[in-house]
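All of the numbers you see were taken from the coordinates with simple rules; none came from a lab. It should be emphasised that the depicted structure is a prediction, and the values quoted were computed from it without experimental measurement. Using ideal geometry, Cβ is built from the backbone for each residue, glycine included, and neighbour counts are taken over all protein chains shown.
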């Protein structure tokens, strides 16, 4: 991207006693981008967000927003709107008063405030809820009010801290598209913290995958899913089979009794242990001819029906754990896949990712 | 501002957050709070401590006073007396209050509201009231004297009976809270596993209330050890620590020995307080957010048994109260039982007359108003200030300390501190001001905890949201925090009012002829043999506290309807 970043985080460190919550984290966010911080709890994603907001200041490192060094500014002097998982709506104030809370202390004319609040409420699809109190709204409605309040001062940066986690599945998926639509309409640079990979994959322009205080990978959802930069990312985002193998030469590895070709050049030399990663949906079962590249005969050990597809366990015949594959209902019906059946499958070389070192057992 | 392009410099220097106006205000506030508590609590106690190491000429004499104290059997015996009274009272009150609380929270007995109100009335009375009442019942001319089988009520017996009455509601409140919540799923699980009723009680109910019981135990123990009024009125020749201080200071003008006894009295109070804190920290939340609240189901035999129990206990409370009320209305006990209001003409018995009562009302109002502002502001500062850990820890410790300091000890410490040569605040001595400050400090901790609990229930991100919206903390406090905490604020003010109205021990050393208080008038009139007017004054205090309490309940209800409409769904 030729654009200058809107927000730059440089070598950010956050120390809690002896525990480093953030270890020299650096990243750039570009104007108008929707970025998700994704990771398991305790990975440092919320710490990073709160440092960007100035709520919990970093131990060291620099943050530059819109060309301004904000590293040591208190939250009140930074330019952001924030939405929390708990909504943090003021319970004793009406929806109108909540949304207009920041406007009211700017001493704007009353009419101007009213117009702006009405505009914001219709933006989030709650034009008639103004006189109600937060307790009279559903969780999803409350979250939309919180969103309207955060947008009231037209901040340059919108921060969302697990905004959807407290909601049930249906409302969550509805609000996902709502927030996305809002973002596209307003074009405000947005950072969302989430532990839900589905949320990150569907909403983000770019995902920042974090683990134990470091960034594992930054990339578009497709990149993160297709080309995970580490075994951690492959495991955390989506489902992955991890297979232990040993490097044979630059283009192939040995897994059990099997020699497999891999699309990429392997960096560790021959004899080094590696971990192969292949996603269940990448296992091919249709039109595999005997003797084709990376083909192997397997036995169906179990079938789990999951609605639009089946998750199938495939025993490789030795003491390695069964391979997991996702077959569409179509495939299962056409090939009449049953438990105990023997199948010829292939593991396409361009779908296999290779990571150095033996697999870490969970 | 640092220039944006300073290559390589970032990441090495630690970031120091700049402080905004709110930060500076909050920190200044915490420093003020520390200063206030230093002045009203720490320095006076320090003066008291140093006094106990001095002789009458103010020369340092090391432990000599303490040696004399522990080698004088007449003085040292009081330690055992106090411990004995406190232990016995705790052993009696704890089971009584537990069963009573159990009946109120876990049964379907009838008239629960009535029983609860009745049991909590003694809180509104000075501790002197049950003592006076028991004198009328079992004293030399008591009409139930025969029931005592020759044992004198003046002494340990009377003290313990009065203390039981006085401490019961305090223990009950803690146990009511401890038994108020229970997860019905635990009881269903126990039922499904075929546990007997006794076993369920021993393995589910009792462990759930364990921390409440421990806490109540320590509270009773401390109340008894530090109470002065009861032992003074009904103790006879039975000496306890609290009366010893009084005798040393007022009777013999031996301030140094008074300071020693004060410190001896401080020890059990501090130990009980520290032990309670340690136990409470071990407590983990037994109720998760998913708990299903237990709703008691009717069980005729249990409910009637508990009803009978509560009737007996509640009946005794009613008798003690009624006795004091009756005694205050009788012309000349026991010879002329015609009713009269003459005993309420306090001017006939005490030089200050009704003025003492009005002083008390004044003290209570000032303590409630000023105290609520200081306590709430203090709790807010401690809860919401960012960083500044050192200041917060110090202030938090100081706010918890008054709980462990008996009123008498604090009062004595004030004598030393505010009388000290060169103390610029010396002008407060002998004024209403020092009484207000003393009462406020004495009752600081409970009020502080109430405020803190209310503040903790608010969303922690309100301040973060305000900062992002560029709204000052002060505005968010007045617009949101304070209105949401209004019920707790009212609770605090009423707590301070009632306690300032009824306390004796905190102010007995500090009143002057211009500021004599109602509770002190009771002690004086009782001492002068005017027991009926003393009972009348006690009833006047009860009536005042009760009216204020009822007004509080009505006001809270009204507020809930008008300003707290947002709580409803």
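Suppose only helical runs count, i.e. DSSP H with n ≥ 4. What mean residue ellipticity at 222 nm does that imply for chain B under -39500 (n - 2.57) per run, divided by all residues and rounded to the nearest 500 deg cm²/dmol?
Counting only the DSSP helices, I get -21000 deg cm²/dmol.
Could you tell me the center-to-center distance, by alpha carbons, between segment A:125-198 and segment B:346-362 in angstrom?
Answer, in whole Å: 64.
Other chains' Cβ within 10 Å of A:66-76 residues: what's the mean?
Neighbouring Cβ atoms belonging to other protein chains average 6 per residue here.
Quick one: check the C-alpha center-to-center distance for segment A:304-362 versus segment B:113-160, whole angstrom.
First find each Cα centre; the distance between them is then 83 Å.
So how far, in whole Å, is the C-alpha centre of segment A:63-92 from the one of segment B:469-529?
40
Just how many % of Cα pairs in segment B:22-139 lie over 16 Å apart, if you round to the nearest whole percent?
Taking all Cα-Cα pairs of segment B:22-139, the fraction more than 16 Å apart is 81 percent.
Below 8 Å, C-alpha to C-alpha, sequence gap of six or more: please give me the relative contact order for segment A:40-168 in percent.
Computed over segment A:40-168, the figure is 33 percent.
What's the exposure ranking of B:109, B:181, going from fewest to most Cβ atoms within 10 Å?
B:181, B:109
Going by average Cβ density within 10 Å per residue, which order do the peptides B:61-70, B:26-35 take, highest to lowest?
Top of the packing list down: B:26-35, B:61-70.
Return the average number of partner chain Cβ atoms within 10 angstrom of each residue Cβ along peptide A:89-97.
The per-residue average across the peptide is 5.
Taking the Cα atoms of the protein assembly as shown, report the difference between the largest and smallest coordinate on each principal axis, in whole Å and largest first.
Answer, in whole Å and largest first: 120, 70, 63 Å.
Could you give the C-alpha radius of gyration of segment B:137-254 expressed as a fraction of 2.2 N^0.38 Å, taking N as the number of residues it contains?
1.55
Please give the FRET efficiency for residue A:292 paired with residue A:254, using the beta carbon to beta carbon distance and R0 = 22 Å, rounded to the nearest 0.05.
Calculated transfer efficiency: 0.75.
Quick one: plug the Kirkwood hydrodynamic radius of segment B:15-71 (C-alpha pairs) into Stokes-Einstein at 37 °C, 0.692 mPa s, and report D in µm²/s.
Diffusion coefficient, whole number: 225 µm²/s.
Once the Cβ-Cβ distance between residue B:282 and residue B:177 is put in as r, and R0 is 22 Å, what FRET efficiency do you end up with, to the nearest 0.05?
Efficiency for this residue pair is about 0.80.
Can you tell me the orientation of helix A:139-151 relative to chain A, as the angle in degrees between its alpha-carbon axis and the longest Cα principal axis, to the nearest 10?
The helix A:139-151 is inclined about 60 degrees to chain A.
Between residue B:295 and residue B:561, how many nm apart are label points set 7 Å from Cα along the C-beta direction?
According to this spin-label approximation, the distance is 2.6 nm.
What is the spin-label model distance, in nm, from residue B:319 to residue B:114 if the labels are put 7 Å beyond Cα along the C-beta direction?
My value for the distance between the label points is 1.8 nm.
Per residue Cα convex hull volume for segment A:162-273, in cubic angstrom?
Dividing the Cα hull volume of segment A:162-273 by its residues yields 140 Å³.
For chain A, give me the percentage of DSSP beta bridges that are antiparallel, rounded to the nearest 5 percent.
Counting only bridges with both partners in chain A, antiparallel ones make up about 75 percent.
Using only the alpha carbons of segment B:176-224, what is the convex hull's orientation-averaged projected area in square nanometres?
Hull-based average projected area comes out at 3.7 nm².
At q = 0.16, 0.19, 0.25 Å⁻¹, what base-10 log of I(q)/I(0) does the Debye formula yield for segment B:397-500 when every alpha carbon is treated as an equal point scatterer in vacuo?
-0.83, -0.96, -1.27
Quick one: of the DSSP bridges fully inside the protein assembly as shown, what percent are antiparallel, nearest 5?
80
What is the helix-to-structure angle for A:169-186, meaning the angle in degrees between its Cα long axis and the longest Cα principal axis of chain A, kept from 0 to 90 and rounded to the nearest 10?
Helix A:169-186 sits roughly 60 degrees off the main axis of chain A.
Rounded to a whole number, what is D in µm²/s for chain B from Stokes-Einstein with the Kirkwood radius over alpha-carbon pairs (20 °C, 1.002 mPa s)?
83
Over its Cα atoms, what ratio of radius of gyration to 2.2 N^0.38 Å does segment B:279-387 give?
The reported ratio for this selection is 1.90.
Translational D (Stokes-Einstein, µm²/s) of segment A:144-195 at 10 °C and 1.306 mPa s when Rh comes from the Kirkwood sum over C-alpha pairs?
Estimated via Stokes-Einstein, D reaches 138 µm²/s.
Report the semi-axes of the equivalent ellipsoid for segment B:337-446 in whole Å, largest first, where each axis is √(5λ) for an eigenvalue λ of the Cα gyration tensor.
Ellipsoid half-lengths, sorted descending, are 36, 18, 12 Å.
If I stretch the segment between residue A:358 and residue A:330 completely, what's the gain in nm (0.36 nm per residue apart, minus their alpha carbon distance), one decimal?
Here the answer is 6.5 nm.
If packing is taken as the mean number of other Cβ atoms within 10 Å per residue, what is the order of B:433-441, A:188-196, highest first?
Highest-to-lowest ranking by the protection proxy: B:433-441, A:188-196.
At a Förster radius of 41 Å, what calculated FRET efficiency corresponds to the Cβ-Cβ distance of residue A:18 and residue B:196, to the nearest 0.05?
Between residue A:18 and residue B:196 the formula returns 0.20.
Hey, what number do you get for chain A at 222 nm if only DSSP H runs of n ≥ 4 count, each worth -39500 (n - 2.57), divided across all residues, to the nearest 500?
Taken over chain A, the calculation gives -7000 deg cm²/dmol.
Send over the semi-axes of segment A:87-164's equivalent ellipsoid, whole angstrom and largest first, taken as the square roots of 5 times the C-alpha gyration tensor eigenvalues.
18, 15, 11
For chain A, calculate the relative contact order in percent as a whole number, restricting contacts to Cα pairs under 8 Å that are 6 or more residues apart.
The value is 15 percent.
Could you give the length gained by full extension between residue B:39 and residue B:397, i.e. 0.36 nm per residue of separation minus their alpha carbon distance, to one decimal place?
Answer, rounded to one decimal: 127.4 nm.
Can you tell me the length gained on complete extension of the stretch residue B:427 to residue B:63, counting 0.36 nm per residue apart and subtracting the Cα distance?
In short, 127.8 nm is gained.
Once label points are set 7 Å from the Cα along Cα→Cβ at both residue B:18 and residue B:71, what is their separation, rounded to one decimal in nm?
About 6.8 nm, to one decimal.
Over the residues of segment A:302-350, compute the C-alpha Rg and express it relative to 2.2 N^0.38 Å.
1.15
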